[in-house]
1. Give region 150-204 a look and list any residue that's open to solvent by 50 Å² or more (accessible area, probe 1.4 Å), more than 15 Å from the ligand (Cβ to nearest atom) and within 21 Å of the chain's Cα centre (by Cα), or say none.
2. Would you check which residues across region 272-288 are of a type in the set (D, E, K, R) and more than 13 Å from Val228 (Cβ to Cβ) and list them?
3. From Ala125, Ala120, grab the single residue that is of a type outside the set (Val, Ile, Thr), in the same structural domain as Phe161 (by TED's automatic domain parsing), surrounded by fewer than 23 Cβ atoms within 10 Å (Cβ to Cβ) and touching a helix residue (DSSP H, G or I) at 6+ places or on another chain (Cβ under 6 Å).
4. Do any strands (runs of 3 or more DSSP E) entirely within region 15-117 hold 2 or more residues that are surrounded by 23 or more Cβ atoms within 10 Å (Cβ to Cβ) and touching a helix residue (DSSP H, G or I) at 6+ places or on another chain (Cβ under 8 Å), and if so, which?
5. Check whether at least one residue in region 321-330 is in contact (Cβ under 8 Å) with a residue 40 or more places away in the chain, among the polar types (S, T, N, Q) and within 16 Å of the ligand (Cβ to nearest atom), and report yes or no.
6. Looking at region 219-228 only, could you name the residues that are more than 11 Å from the ligand (Cβ to nearest atom) and not basic (Lys, Arg)?
7. Any residue that is over 19 Å from Ser74 (Cβ atoms), more than 12 Å from the ligand (Cβ to nearest atom) and either open to solvent by 10 Å² or more (accessible area, probe 1.4 Å) or at pLDDT 95 or above (or both) - is there at least one of those in region 206-218?
8. Against the condition without any contact (Cβ under 8 Å) to a residue 60 or more places away in the chain and not hydroxyl-bearing (Ser, Thr, Tyr), how does Val118 come out, does it pass?
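The values are calculated or read from the model by the stated rules, or taken from the named source; none is laboratory data. As the structure is a prediction and not an experimental result, all values here were calculated from the model. Heads up, the Cβs are rebuilt from the backbone with ideal geometry, glycines too, and the neighbour counts pull from every protein chain shown. Each accessible area value is taken on the protein alone, full model and side chains, heavy atoms only, with ligands, DNA and RNA left out. Shrake-Rupley method; radii C 1.70, N 1.55, O 1.52, S 1.80 Å.
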Amino acid sequence: MPNDDRPDGVDWAPANIDRSWVSEAVRLVEADANRSADTHLHVLPLPAEWGIDVYLKDESVHPTGSLKHRLARSLFSHALVNGNLREGMTVIEASSGSTAVSEAYFARLLGLPFVAVVPASTSPAKLELIEFYGGSCRLVDDPGSVYEVSHRLAERTDGYFMDQFTYAERATDWRGNNNIAESIYGQIARERYPVPDWIVVGAGTGGTAATIGRYARFKRHRTGLCVVDPEGSAYFDAWSTGRWEVTAPGSRIEGIGRPRMEESFLPNVVDAMIRVPDAATVAAMRWTSAMIGRRVGGSTGTNMWGVLRIVADMLRTGRTGSIVTLICDGGERYADTYYADRWVGAQGLDPVPYAAAIDALVTGGTVPAALTTGGRCRKPHRDTSIPNGRSAVMLGPRRG
Ligand SMILES: Cc1ncc(COP(=O)(O)O)c(C=O)c1O
């Protein structure tokens, strides 16, 4: 149709809408999902007579080595289908490392430049991984400035700030589509306790917790979602007091804990929170590594301490059931930090008493004080949504 026939200057011929780059990009991201097998669900060997089964969902085996491979894939699909990510754009992310590693992988897959804005304290191993996948790193001294620096960089480069902290909960399909929760329930279905009592995870963006909490409700499972939080994070205080404006100095357990409440942290899908001392994280991380015969990352240690606190409570009250948690990434990334006694000592952390508490529980079946006191909270005003049979006193008083 000749141009002068379009009074509004718009070419309404759909054939002329060029989506070739976006279509190919979506195909490449979906093809990555299609090539990936599901991550395993391992049994953590505990005394069978306890009647308590603990499972580890191993997200360290993803192509980019962490649970963030799933999120990065969802974020790229979300940005592509929203028309926000286009050919030639520089992709920018504010990340403690794992997300940046996975996003660098997908940016390279799509032939796009990638810049990670990361705290200067991020482990060298993670910076090398980002560069291995073709990304570059912009180090910032103040962890709280990652958002502003990323926004400015996107404006200056006409790039796209992927912004995991805002979009993580929106980008992931919580109804299914093989999200992490659907995978867990599918893999535990033939176990003696096929509906977990608790799923225990940490929160960086909060996206993983949001997906699991939503899916459990959507499928009407009675499973409780327990979020563990390290020192220096705002999540536990904000959630247990309802004061969302709380801030904190920042976490030293990479990937989890935030200096402020993030948009993708959905407080109302969380049934309980546990504050985990960093020394307990190191002890539980090393114990888990010894139990499964290979190193896991710091945030997995935080998860495991939370699990052991619930195990201790179940032992104390004689309840049976199953608990699931995540291996979020491998420990090879933390050889110079959490696995280095010199670094742990320099941080003023003493994991020894926590290691002794774990040993007393697992070998002696006794419930040491370290595993029953301090840093726990159930959302007091939401007891009505607590699944039947789980009284509010189950995890002891409302605030530990
Ligand atoms: C190693 C590790 N564990 C746990 C998490 C928490 O995941 P989410 O952002 O889904 O809360 C992250 C997030 O970056 C991580 O890198």
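1. Arg175, Asn177, Asn178, Glu182, Gly186, Gln187
2. Answer for region 272-288, where residues must be of a type in the set (D, E, K, R) and more than 13 Å from Val228 (Cβ to Cβ): just Arg286.
3. Going through Ala125, Ala120 in turn, just one is of a type outside the set (Val, Ile, Thr), in the same structural domain as Phe161 (by TED's automatic domain parsing), surrounded by fewer than 23 Cβ atoms within 10 Å (Cβ to Cβ) and touching a helix residue (DSSP H, G or I) at 6+ places or on another chain (Cβ under 6 Å): Ala125.
4. By residue number, 52-58, 91-94.
5. Yes: one or more hits.
6. His221, Thr223, Gly224, Leu225, Cys226
7. Yes, region 206-218 has at least one match.
8. Yes.
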